[in-house]
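**Student:** Right, I'll just put the structure down here and ask away after.
The values are calculated or read from the model by the stated rules, or taken from the named source; none is laboratory data. Predicted, not measured: the structure shown is a model, and the values here were computed from it. Cβ placement follows ideal geometry from the backbone for every residue including glycine, while neighbour counts extend to all protein chains displayed. The accessibility values were calculated without ligands, DNA or RNA, using every heavy atom of the protein model including side chains. Shrake-Rupley method; radii C 1.70, N 1.55, O 1.52, S 1.80 Å.
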Amino acid sequence: MRIVLDRERCEGHGLCEEAAPDLMHLDDDGELVLDREEVSDDDPAAAARANGAVRVCPVAALRIA
Amino acid sequence: MTDSTPPVSDIDLFDDAVTVDPWPTYAALRELAPVVYLPANDTYVLTRYEGIRNALLDWETFSSVNAIGFNPMVNEALTGTSLASDPPVHTQLRATLTENLSPRALRGLKATIDTKADALVEQLVNKGSFEAMDALARALPLEVVADLIGFTGDARDNMLRWGQAAMQVIGPMNQRTAENFPIAGELYGWCSNVTAEDLQPGSVGRGIFDAEARGDIPPHTAGHIIHQYLGAGVDSTIASIGNIIALFAAHPDQLALVREDPSLVPAAFNEVLRYWPPLHVWGRRATKDVEVEGLRIPAEAHVGILFGAGNHDPRHYDDPEAFLVERNPVDHLAFGYGPHGCAGQGLARLEAHAVIDALARRVERLVVGPEVRIPTNITRSIEQLPVLEVVPA
């Protein structure tokens, strides 16, 4: 699975980072950086965190492709 | 052939008794069907979690244009704002609105807001008894937003009534709406005439005028942005902070959990918003015939989003009538969702987290008298909440 960010929509609420700190973080300017875009289906824990990050984004700026 | 016509109910969402205690109505509508037509309000209400969340995301089917409010005058007045537009126009308006309101823009404010909230709570704990809406729920957001926008003088005194009126007029053309239109008009008039010099140097409001002067945002938009900060951000935040105080007073065991584990502060705010969302109902308009869980909404129909009904849907939340801070319902509907998700939620979180954190550190238990509620169209807020005794931590 792949995490896709709609950068125009992202406002830096940062709730995704709390849900999946190993996959993404806000940089010093508050811009979201995807540290891992590809998440292996063999890593169900990481996949669950990726789905959690998508779920929690209040402006729906993240999706799974 | 399956009948896809939604059931009809004679419920009036804006009946005084319903606005004061909407919970039995929400439950009845939710159990009746995921979509119910209300002739009294000429609106198709969405009553269940999934239908609401999907509609909030699907702006192409559920448009915000000419749709947010329940009377034509307010929809006309909101035309051209980010609130009442769809992408792609919405995208630019929203970016302008949130430039100074996004969490990244607000990071520098956290320490100031924490200090203000803690000082207020400390003073009230020492006092021992107080009216919590005026002394805390209204005091903090009014101070925070006034300082943010850089208000001085008259405007500062008017913020509360202007903010309340801006929400009331979103309802149908009932007496509350009629009485509040002149007050909402005062706010609109002030925002149309305000200049940079009226706002404190260094404030965000002054910064918006600087951006307009630099050409970073279109001419004549600064006043409108300030209008939206005030119209949308005051009344709803006051309601939420009042709800925090009332719910922790009613559930001392849940306050104890936050006291033991302060990392629960954000989860506790999510649960307050899920349990008692500050907004009663918000509008959309169907751009085409659409089926929600098999029930058809006709093109051009007005659609009402019942945040509280969705937030208490047992299909989505186990034991939804229980107030449980450890539940951490991150996907609650109180801020909306998707492109129109509350633009001020970052600021609301800063204020609410500061209040919960201060209460959890300084208070073991609040003894309160009966809360007073009055009928209102859109914002669902406690009017008065007497705190009779504070058991300090």
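**Student:** Looking at B:Val145, B:Val121, which one is touching a Lys or Arg at 6+ places or on another chain (Cβ under 8 Å) and either outside any helix (DSSP H, G or I) or within 30 Å of B:Gly369 (Cα to Cα) (or both)?
**Tutor:** After ruling out the rest, the residue left standing is B:Val121.
**Student:** Return the pairs, sorted by first residue and then second, in which the second residue is among the aromatic types (Phe, Trp, Tyr), the first residue lies in segment B:333-345 and is facing another protein chain (nearest Cβ under 7 Å), the beta carbons are less than 6 Å apart, and the residues are 6+ apart or on different chains.
**Tutor:** Close Cβ pairs satisfying both conditions: B:Pro339/B:Trp59; B:Gly341/B:Phe335; B:Gln345/B:Phe335.
**Student:** Pull out all pairs, ordered by first then second residue, where Cβ-Cβ is under 7 Å, the residues are six or more apart or on different chains, the first lies in segment A:26-45 and is within 10 Å of chain B (Cβ to nearest Cβ), and the second is at pLDDT 95 or above and loosely packed, with under 15 Cβ neighbours inside 10 Å.
**Tutor:** Close Cβ pairs (under 7 Å, with a partner that is at pLDDT 95 or above and loosely packed, with under 15 Cβ neighbours inside 10 Å) amount to A:Asp27/A:Val33.
**Student:** Does B:Ile113 qualify as being at pLDDT 95 or above, open to solvent by less than 50 Å² (accessible area, probe 1.4 Å) and either out of contact with any Leu (no Cβ under 8 Å at 6 or more places or on another chain) or in a loop (DSSP other than H, G, I, E, B) (or both)?
**Tutor:** Considered against the rule, which asks whether it is at pLDDT 95 or above, open to solvent by less than 50 Å² (accessible area, probe 1.4 Å) and either out of contact with any Leu (no Cβ under 8 Å at 6 or more places or on another chain) or in a loop (DSSP other than H, G, I, E, B) (or both), B:Ile113 comes out as no.
**Student:** Could you please find all residues in segment B:50-84 being assigned to a loop (DSSP other than H, G, I, E, B) and modelled with pLDDT under 95?
**Tutor:** B:Thr79, B:Gly80, B:Thr81 - these are the residues of segment B:50-84 that are assigned to a loop (DSSP other than H, G, I, E, B) and modelled with pLDDT under 95.
**Student:** Go through segment B:268-291 and count every residue that is open to solvent by 10 Å² or more (accessible area, probe 1.4 Å) and among the hydrophobic types (A, V, I, L, M, F, W, C).
**Tutor:** Here the count works out to 4.
**Student:** Can you spot a residue in segment A:23-34 that is open to solvent by less than 80 Å² (accessible area, probe 1.4 Å), under 17 Å from B:Asp331 (Cα atoms) and not aliphatic (A, V, I, L, M)?
**Tutor:** Pass one, segment A:23-34, residues open to solvent by less than 80 Å² (accessible area, probe 1.4 Å): A:23-27, A:30-34.
Narrowing the set further to residues that are under 17 Å from B:Asp331 (Cα atoms) leaves none.
No: segment A:23-34 contains no residue that is open to solvent by less than 80 Å² (accessible area, probe 1.4 Å), under 17 Å from B:Asp331 (Cα atoms) and not aliphatic (A, V, I, L, M).
**Student:** I would also like to ask the following. Which is more than 9 Å from chain B (Cβ to nearest Cβ) and either open to solvent by 60 Å² or more (accessible area, probe 1.4 Å) or over 9 Å from the mean Cα position of the chain (by Cα) (or both), of A:Ala50, A:Ala65?
**Tutor:** Step by step, each of A:Ala50, A:Ala65 is checked, and only A:Ala65 is more than 9 Å from chain B (Cβ to nearest Cβ) and either open to solvent by 60 Å² or more (accessible area, probe 1.4 Å) or over 9 Å from the mean Cα position of the chain (by Cα) (or both).
**Student:** Step by step: first the residues of segment B:86-110, then only those that are in contact with a strand residue (DSSP E or B) (Cβ under 9 Å, 6 or more places away or on another chain) and touching a residue at least 12 places away in the same chain (Cβ under 8 Å), then the one that is surrounded by the most Cβ atoms within 10 Å (Cβ to Cβ). Which residue is that?
**Tutor:** B:Pro103
**Student:** Given the options B:Ile113, B:Ile149, B:Ile68, name the one that is closer than 30 Å to A:Cys10 by Cβ, in contact with a strand residue (DSSP E or B) (Cβ under 7 Å, 6 or more places away or on another chain) and of a type in the set (Val, Ile, Thr).
**Tutor:** Only one candidate qualifies: B:Ile68.
**Student:** For segment B:311-348, name all the residues that are in a helix (DSSP H, G or I) and open to solvent by less than 30 Å² (accessible area, probe 1.4 Å).
**Tutor:** B:Asn311, B:Val325, B:Gly338, B:Pro339, B:Gln345, B:Gly346, B:Leu347, B:Ala348
**Student:** Kindly provide the set of residues from segment B:139-180 that are buried (at least 17 other Cβ atoms within 10 Å of the Cβ) and over 26 Å from B:Ala119 (Cβ atoms), ordered by number.
**Tutor:** B:Ala165, B:Ala166, B:Met167, B:Gln168, B:Val169, B:Ile170, B:Gly171, B:Pro172, B:Asn174, B:Arg176, B:Thr177, B:Asn180
**Student:** Where in segment B:148-220 are there helices (runs of 4 or more DSSP H), lying wholly inside it, with at least 3 residues that are of a type outside the set (Lys, Arg) and at pLDDT 95 or above?
**Tutor:** Details: elements: B:153-168, B:175-193, B:204-214.
Helices (runs of 4 or more DSSP H) meeting the threshold: B:153-168, B:175-193.
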